[in-house]
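Peer 1: Supplied in structure tokens, the structure appears directly below.
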Amino acid sequence: MINDISRLAAFAKEHGFLYPSSEIYDGLSGVYDYGPYGVELKRRLAELWWRALVQVHENIVGLDSAILMHPRVWEASGHVEAFHDPLVDNKTSKKRYRVDTLIEEYAQRLEQRAQKEVEKKLRKQGQPFTPDALAEHPDYQRAQRLRTRLAQAMSARDWEALTRLLEEEKIPCPESGSTDWTPVRQFNLMFSTQLGAVAEEAQQIYLRPETAQGIFVDFPLVLKTARLKLPFGIAQIGKAFRNEIVVRQFIFRLREFEQMEMQFFVQPGTEGEWYDYWRQQRLRWHQHLGLHPQNLRFKDHEHLAHYAKAATDIEFAFPFGFKELEGIHSRTDYDLSRHAEFSGKKLEYYDEALGKSYTPYVVETSVGLDRLVLAHLSQAYTEEPAPTAEGGEELRTVLKLHPLLAPIQVAIFPLVRKDEFIQPARKLYEALRFSFMVAYEEKDTIGRRYRRYDAKGTPFAITIDGQTLQDHTVTLRYRDTLHQIRLPIARVEAFLQEQFSLAEWLRKL
């Protein structure tokens, strides 16, 4: 696993996973393009999410709502009124920050410094580390005070209180160390645009900042046409847009991003059990795709949104620390009730068993697809020694992705560029390319070709060699172990079908 995000970004660009958008024009901050291999990884993650929810669960259906929606949608959801972040500029460094992120990261640094000092002190005394010892450290106590004041100010949306917090606690700029800040001010996170051909008659609308509201607005239509009974879910994958104050950490925080969300509608009073259910199911899905348990953890929200009964994040150990990967939220009936109020339409469910109508409660699962790509790239990136053909050793870069996520599933190589090797290699490529993502390459030495496809995450490489011409077998090489086996050409497709069986993966989920 890599711990340097800039190196990962350089690797992703070099190997065709992610490119800075509009690079020939010096790029556009916070926007990236997915290259030939990145788009395959992204599509596979989205497909496996969809299959695990919509295909496997008979009570979950899909939706693809529009990016552009009536502006009243965002008034009802509270985004027009409250979807703002506090912004501050450092007068010395000229850098701009989101205040809550700035203070939270400073608090984290205080905690880390406190823990190192406590661990060092206890080691010298021959004593084990304990949370109680950490709690007595002044830096740890200060970090907790900062978080309390931050939460109070953010809850009240009191920008003056945040300004005082920066001044009184002397929070430094991460780049310059300066504590000379501008007053905190409000920053609208929604992108607005104009709907209409004539400028003076155009209506202001917004690019959606989340995909969930399309599900809530279409709830009565889906309920009627899909003939669903509670509990049921509506899943959606789609683009969302946020005018972030600061975009950084590669594709972790973007202005244009993709969400995979599922809203699960339940009978009021049962939301607690369904919240626990989806909490565990979503963690299991991530682990089933190869994210290591030690790189995942739950972090319950200490301060809930006004509409939430419970909320937790599944955090991943990114190169810059544990950060949110997916959120699971118990949203009560807030969203449907608000849209019913603003639209004047009933958004209720008639329960035949109870003989009455009511507004369902909602349990939400929401994962950022771009963050999921980043998580898998971060964990899969490996540098390790590997043997050379001459009997020596060299460092190889290998992307140890789960086989179902591999952009190229199998690479086919003729050992040398001669017709007797090329012809059977091309024939095998033609036979496999309708069932798998297959690459064919004959340029460079076989060792260089192996290394090139190791870095793309290709699980298997097949070489047509001298023995192939004699007994119609091929050399099949495993990416992670470098182990090689002989396999009859006639058996290759069946072998690969077993290795990439989506049905088997879903059954084990």
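The values are calculated or read from the model by the stated rules, or taken from the named source; none is laboratory data. The shown structure was predicted, so the numbers you read here are calculated from the model rather than taken from an experiment. Quick reminder, even Gly has a Cβ in these numbers, built from the backbone with ideal geometry, and neighbours come from all protein chains shown.
Peer 1: Anything in region 105-141 that is closer than 19 Å to HIS303 by Cβ, touching a helix residue (DSSP H, G or I) at 6+ places or on another chain (Cβ under 6 Å) and not acidic (Asp, Glu)? List them, or say none.
Peer 2: Result: ALA107, single match.
Peer 1: In region 215-243, which residue that is among the β-branched types (Val, Ile, Thr) and touching a helix residue (DSSP H, G or I) at 6+ places or on another chain (Cβ under 9 Å) is nearest to ASN59 (Cα to Cα)?
Peer 2: Just the residues of region 215-243 that are among the β-branched types (Val, Ile, Thr), to begin with: 215, 217, 222, 225, 234, 237.
Then drop every residue that is not touching a helix residue (DSSP H, G or I) at 6+ places or on another chain (Cβ under 9 Å), which leaves 215, 217, 222, 234, 237.
Values: ILE215: 15, VAL217: 19, VAL222: 12, ILE234: 9, ILE237: 17 Å.
The extreme case among them is ILE234.
Here's the yes/no breakdown for (1) without any contact (Cβ under 8 Å) to a residue 60 or more places away in the chain; (2) surrounded by fewer than 17 Cβ atoms within 10 Å (Cβ to Cβ); (3) under 24 Å from VAL373 (Cβ atoms):
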{"site": "ILE462", "(1), (2), (3)": "yes, no, no"}
{"site": "ASP471", "(1), (2), (3)": "yes, yes, no"}
{"site": "VAL474", "(1), (2), (3)": "yes, no, no"}
{"site": "ARG477", "(1), (2), (3)": "yes, no, no"}
{"site": "LEU482", "(1), (2), (3)": "no, yes, no"}
{"site": "ILE485", "(1), (2), (3)": "yes, yes, no"}
{"site": "ALA494", "(1), (2), (3)": "yes, yes, no"}
{"site": "LEU506", "(1), (2), (3)": "no, yes, yes"}
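Peer 1: Taking into account only those residues within region 31-82 that are without any contact (Cβ under 8 Å) to a residue 40 or more places away in the chain and within 18 Å of THR365 (Cβ to Cβ), which is surrounded by the most Cβ atoms within 10 Å (Cβ to Cβ)?
Peer 2: Out of the qualifying residues, it is GLU47.
Peer 1: Could you check region 257-368 for strands (runs of 3 or more DSSP E) lying wholly inside it with 2 or more residues that are in contact (Cβ under 8 Å) with a residue 12 or more places away in the chain?
Peer 2: Those strands (runs of 3 or more DSSP E) span 296-300, 310-318, 321-332, 349-351, 361-368.
Peer 1: Could you tell me which of the residues TRP274, TRP285 is over 30 Å from VAL31 (Cβ atoms) and either modelled with pLDDT of 95 or more or not basic (Lys, Arg) (or both)? Explain how you work it out, then say what you get.
Peer 2: Working: TRP285 fails: over 30 Å from VAL31 (Cβ atoms).
Among TRP274, TRP285, only TRP274 is over 30 Å from VAL31 (Cβ atoms) and either modelled with pLDDT of 95 or more or not basic (Lys, Arg) (or both).
Peer 1: Residue check, GLY457 against (1) of a type outside the set (Asp, Glu); (2) in a strand (DSSP E or B); (3) at positive phi, all met but one. Which one?
Peer 2: Tallying (1) of a type outside the set (Asp, Glu); (2) in a strand (DSSP E or B); (3) at positive phi, GLY457 fails exactly one: (2).
Peer 1: Against the conditions (1) over 22 Å from ARG43 (Cβ atoms); (2) of a type in the set (Asp, Glu); (3) in a helix (DSSP H, G or I), where does GLU384 fall short? Just the number, please.
Peer 2: (3)
Peer 1: Let me ask another. Pull up region 163-214, narrow it to residues that are at pLDDT below 80 and in contact with a helix residue (DSSP H, G or I) (Cβ under 7 Å, 6 or more places away or on another chain), then point me to the one that is farthest from GLU256 (Cα to Cα).
Peer 2: The residue in question is GLN186.
Peer 1: In region 387-408, what residues are assigned to a loop (DSSP other than H, G, I, E, B) and surrounded by fewer than 23 Cβ atoms within 10 Å (Cβ to Cβ)?
Peer 2: THR388, ALA389, GLU390, GLY391, GLY392, LYS400, HIS402, ILE408
Peer 1: Which helices (runs of 4 or more DSSP H) does region 20-100 wholly contain that include 2 or more residues that are within 26 Å of PHE250 (Cβ to Cβ)?
Peer 2: Details: elements: 36-50, 71-77, 79-82.
Passing ranges, in order: 36-50.
Results for (1) more than 30 Å from TRP50 (Cβ to Cβ); (2) assigned by TED's automatic domain parsing to the domain that holds HIS286, shown as yes or no for each residue.
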{"residue": "LYS356", "(1), (2)": "yes, yes"}
{"residue": "THR365", "(1), (2)": "no, yes"}
{"residue": "GLY368", "(1), (2)": "no, yes"}
{"residue": "THR388", "(1), (2)": "yes, no"}
